[in-house]
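Below: one structure, written as structure tokens.
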Amino acid sequence: MKESDLMRNALSAYGLDRQAICRAARREGAARLPKGEPDMKKRKLPVAVAVVLAAACLGGGVYAAGVLMDAPQAAEAVGESDVAALFEGEGAVAVNETQSDGGYDVTLLGLVTGDHLTDTWSSGWTDGEPDNGTTYAVVAVRKSDGTPMPELSDESDPFRLSNSFAQMRLAIPDLQPAQYWLNPERRDVVRDGVRYLFLGCDNVEMFADRDVVLCVSTGGAFYNTEAFRFDETTGAITADPDYAGVNLVFDLPLDEGKADPEAARAWIDEWKAGGPEQAETAENPNDEEPHAATDDAMERVSAMTPAEIRAAGTLLDTQTAAPADGNLGSGWYFADGAYLSRDSWTEGETELVWQTSSDGTTVTAQVLVKNEDGTMTSEIWQLPAA
């Protein structure tokens, strides 16, 4: 007897039609409801049927066990062996939750929090790394019809770095999801027709007693207010069913015992006040001399040529982006959320010092290089302020 006949007989034995049990299975965790699909009254189903439900809803063979890499394997595939080991540890959570939208199946494979183990750097971190570690996640993206995802170089893929958003957000009343920054990082790899998104951001475990979600959308590299709805009263973030592209929201299974309400409140108050820089200014309103010294240092570095910066500085990060059209217009969208408009680039220029910042001790300079193939390379250099 064919597999399809066995499945049909199994479903018939319980008096349920395929669509009804698919919805039930998605709600119970075998997969998630696609955006906009109506709910079904919850009902307990026999454990013996669970495997049948998963097979029925996830499709004959396309999502069979063993097709997807797990989170450690995907982390290893993008070159992050230390994070792969972290995903093998006790604190890691294998989520394996799939949601479908717009012809794509998106699976949150796993989640883990630990030391900051990648080379990603932020000027806002003390001593070059976050104070409380990093939360990592791995997501797999597949086409629902089973055809392979394009290679990373294919600009037609709506999940390419420059035109898709995959970041964690917090359910905080009166604090818009686009209002704060969690120092996100992302690297992608395609293996066997599946695109894997390796994601990281500042440790979100201090918010574990609240709802923390992973938002995934196409149509732009930044949080999109058209793709997601935000409830100012509750802080809830949900996918807008009327959005034309892919937009999904995953609830993150965090350990509530690791929540730190006091630290979370301090963080929230800081960002409601405008962010760390605004808070620092408010604490030191008359501290003009250090700011003047910082301004002088940034002005000095801004006057240097890219070659002089490379000779005097330390390279912290580099990445290359292809030109693309997104929510902010036509330009280059980098994986860390940075954006450069085509109109910002003077014709004939091949490289320039784009922007500088300083913490009073060091100066960070961003050098942009326009490549012959039309791509843009961003180099982040660190120099002493004195």
Taking 82-88, 145-151 and ranking on average Cβ neighbours within 10 Å, highest first, one gets 82-88, 145-151
With a 1.4 Å probe and all protein chains left in place, how much accessible area per residue does region 67-113 have, in Å²? 39 Å²
Positive minus negative residues near Pro261 (Lys, Arg vs Asp, Glu; Cβ under 13 Å): -3
Between region 128-160 and region 233-247, how far is it from one alpha carbon centroid to the other, in angstrom? 20 Å
Find how much the distance from Asp131 to Ala236 grows on full extension, using 0.36 nm per residue of separation minus their present alpha carbon separation; answer in nm with one decimal. 35.1 nm
Under the 7 Å Cα-to-Cβ spin-label approximation, Ala303 and Arg191 lie apart by a distance in nanometres of 5.1 nm
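The values are calculated or read from the model by the stated rules, or taken from the named source; none is laboratory data. Small disclaimer: the values here were computed from a predicted structure and weren't measured. A quick note on method: Cβ atoms are made from the backbone with ideal geometry, for glycine too, and the neighbour counts reach across all protein chains shown. For accessibility, only protein heavy atoms count, side chains too; no ligands or nucleic acids. Shrake-Rupley method; radii C 1.70, N 1.55, O 1.52, S 1.80 Å.
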